Amino acid sequence: MLGEFEYLILSAATRLHEGAYGAAIRQEIEEATRHRCSIGALYTTLDRLETKGLIKTWMGDPTPQRGGRPKRMVRVTATGIRAASDFYLALRRVSRGVSWEANRIAVR
Amino acid sequence: MGGEPNRGPMMTRICWRLVDILSRMLDADERQVVRGDFAESGQSVARAIRDVSDLVVRRQIGLWTVWQPWLALLGIACLAGLPLSRIAFRLNVDLGQQLTAYYTYGVHFGTLLTPQQDMAWLLCLAIALLLWSWTCGFVLGSLSGRAVWLTWCVFYLMVLDSALVRFILSGNMILRDPQPLRLLMVATLPLNPATFLFSLSALWGAFMGVRRRVLPLRAAYVLASAITIFTILVTWMSGWYETAHEVWSSGAWHGVSWTMRLLPFVVVSWPITYLLATAKRRSTIDKEIT
């Protein structure tokens, strides 16, 4: 089973497709969650996902925008897509019949 | 790096320099990627420091999830460091006595041995110290990898200070008028010939260990032979002093047996067995490949 941060990375990388690399994934996650995403958490999680065989990473070409430095490109593997899909289905199943909006209002 | 074109005031430049220094603790590839990310996102220097520190800490912690740095820390820095400290201390005391006697009074310091015997002892002990220090340093570097800065610091301080602390705590040495700055210098700098020899040799060994990881088999055999020869020599020669003490004390002093004299030398020599084993394994793998 994936962790929630692992799921966020897999989702962001899948959405970015060809343009998935460290900084872009980080920006996607920050925009989606409205929380800071640290480089430390991102790169150590990328390593973990790669060890599990859920993603594949490689060094991209250097770009002038990055001061001539390379990107760490990311591609989600078939196993990664399956794992993310399973996680999402589990999330949907467990959330069935739960209305968070209603609960939020009730708590207020 | 992020904000590089508009680095602006001096403080910001200093902070970016700090980010630069911190990022050097990362692997070369990762360092480039992280610097590229900072440049692309144009994030603030404060966040860059926080981010790079976070990554460095995570990577350093990650290094300690395998057994190798632990073996370097416990087996070399702590276990071999203790007897090596006593050996360096002994060399320093013996050498200091001879040099002081010679330069102050122009005589040989009386040890009941001939000057040639004392010279031979000092020379053999110094060479043995160099060999043990280099080997310990090499294996420390080889096992620790990027965690070497921590294991090296513990090893260095252990060799510099453990014998001194032991003598002070046991009451065999009394510090008269201890000045904090002087104490700090003695505790952290290789100010005497023996610790200087140790530091240079062990540092070189650690540097080579990090870079090469494994010695060629022939070099490992030569080193192992040299260590064995000098270990036997210093064990034998240290017996001269035991006999001399027995004679001097008219039998009141009973000399330490050769097995007990050999024990600390064996403890500081253990890294050579690791070094030999890894060299042999590498050689076998190379042969299988070819």
For B:Arg47, indicate whether it is away from chain A (no Cβ under 14 Å) and not acidic (Asp, Glu). no
Within the stretch B:244-290, residues being under 32 Å from the mean Cα position of the chain (by Cα) and either at positive phi or hydroxyl-bearing (Ser, Thr, Tyr) (or both) number 8
Counting only residues in the stretch A:19-40 that are surrounded by 22 or more Cβ atoms within 10 Å (Cβ to Cβ) and more than 9 Å from every other protein chain (Cβ to nearest Cβ), the one nearest to A:Arg75 (Cα to Cα) is identified as A:Ala20
Of the candidates B:Phe196, B:Phe207, the one satisfying the condition of being in contact (Cβ under 8 Å) with a residue 40 or more places away in the chain, surrounded by fewer than 16 Cβ atoms within 10 Å (Cβ to Cβ), under 15 Å from the mean Cα position of the chain (by Cα) and in the same structural domain as B:Pro271 (by TED's automatic domain parsing) is B:Phe207
Going through the stretch B:44-68 in order, the residues found to be open to solvent by 20 Å² or more (accessible area, probe 1.4 Å) and over 13 Å from B:Ser144 (Cα atoms) are B:Ser44, B:Val45, B:Ala46, B:Arg47, B:Ile49, B:Arg50, B:Ser53, B:Asp54, B:Val57, B:Arg58, B:Arg59
Checked A:Tyr7, A:Tyr43 against criteria (within 13 Å of chain B (Cβ to nearest Cβ), of a type in the set (Phe, Trp, Tyr) and within 27 Å of B:Ile61 (Cβ to Cβ)); the one match is A:Tyr43
Is it true that B:Val148 is assigned to a helix (DSSP H, G or I), open to solvent by less than 50 Å² (accessible area, probe 1.4 Å) and among the aliphatic types (A, V, I, L, M)? yes
Checking B:Leu79, B:Leu71, B:Leu84 in turn, the sole residue that is closer than 29 Å to B:Cys153 by Cβ, assigned by TED's automatic domain parsing to the domain that holds B:Gly145, of a type outside the set (Asp, Glu) and surrounded by 20 or more Cβ atoms within 10 Å (Cβ to Cβ) turns out to be B:Leu84
Exercise for the section: Scan the stretch B:220-234 and give yes if some residue there is outside any helix (DSSP H, G or I) and surrounded by 14 or more Cβ atoms within 10 Å (Cβ to Cβ), otherwise no. Expected result: no
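The values are calculated or read from the model by the stated rules, or taken from the named source; none is laboratory data. Given the structure is predicted, the values throughout are model-derived calculations rather than measurements. Cβ coordinates were reconstructed from backbone atoms using ideal geometry, including for glycine residues, and neighbour counts include every protein chain displayed. Heads up: the accessible areas ignore ligands, DNA and RNA and are worked out on the full protein's heavy atoms, side chains in. Shrake-Rupley method; radii C 1.70, N 1.55, O 1.52, S 1.80 Å.
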